[in-house]
Amino acid sequence: MAAITKHTLSVLVQDEAGVLSRIAGLFSRRGFNIESLAVGSAEQSGISRITMVVNCDDEVIEQIVKQLYKLIPVLKVNDITNAPAVERELMLVKLNADSHNRSEIMQFVQIFRARIVDISDDALTIEVVGDPGKMVAILKVLQRFGIREIARTGKIALTRASGVNTELLKTLEAQVTQSLT
């Protein structure tokens, strides 16, 4: 049995009404949940890039890619799961903030290189941009203050032109650091 993995697909499509619903339908007919979905204009006029994350094994993702190519407005499909890529998300978090905890929250905002985008007597709204791991980490820290609302985009990603796999570099750095201690 193949291992289930979170796959990141980058799909270039022609801008046409109903393209997104046809792609989503393809996944739902096969019983797969799209965990993350982001759509926006691509580098060419009339073309959009859809970045989606789906949980399935390698065999199933191959079938899904083949099925996507059968949809007329789909121009190109890349499974960039294991490719060196730059990945980002945007998240807005509204949380409880009063005079007692506001300075502590502001310190966390600085540490995570986030921004305060709205403030009231009893709340702060924070904007966070970064890789998915950063989103998880800041939410874990901010939970203690009481999160009122969260709005989060799906992951967007582009493969690295340099071909440098920063995840591999992080792993090597951790190994070197561990061997020095």
Would you tally the residues in segment 113-130 being crowded, with 17+ Cβ neighbours inside 10 Å and under 15 Å from Leu90 (Cβ atoms)?
-> 5
Identity of the residue in segment 10-35, surrounded by 14 or more Cβ atoms within 10 Å (Cβ to Cβ) and free of Cβ contacts under 8 Å to residues at least 24 places away in the same chain, that ends up nearest to Lys76 (Cα to Cα) = Ala24
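Only one of these is assigned to a strand (DSSP E or B), touching a residue at least 12 places away in the same chain (Cβ under 8 Å), in the same structural domain as Ile23 (by TED's automatic domain parsing) and within 20 Å of the chain's Cα centre (by Cα): Val77, Val93, Val129. Name it. I'd like the intermediate steps shown before the answer.
Numbers: Val93 fails: in the same structural domain as Ile23 (by TED's automatic domain parsing); Val129 fails: in the same structural domain as Ile23 (by TED's automatic domain parsing).
From the options Val77, Val93, Val129, the qualifying one is Val77.
From the list Leu124, Leu142, pick out the single residue that is not assigned by TED's automatic domain parsing to the domain that holds Leu37 and not in a helix (DSSP H, G or I).
On the way: Leu142 fails: not in a helix (DSSP H, G or I).
After applying the criteria, what remains is Leu124.
Is it the case that some residue within segment 57-66 is outside any helix (DSSP H, G or I) and surrounded by 13 or more Cβ atoms within 10 Å (Cβ to Cβ)?
From segment 57-66, those outside any helix (DSSP H, G or I) are 57; that's our starting set.
Subsequent filtering for residues that are surrounded by 13 or more Cβ atoms within 10 Å (Cβ to Cβ) retains 57.
Scanning segment 57-66 turns up at least one residue that is outside any helix (DSSP H, G or I) and surrounded by 13 or more Cβ atoms within 10 Å (Cβ to Cβ).
The values are calculated or read from the model by the stated rules, or taken from the named source; none is laboratory data. Because the structure is predicted, anything quoted here is derived from the model rather than measured. Heads up, the Cβs are rebuilt from the backbone with ideal geometry, glycines too, and the neighbour counts pull from every protein chain shown.
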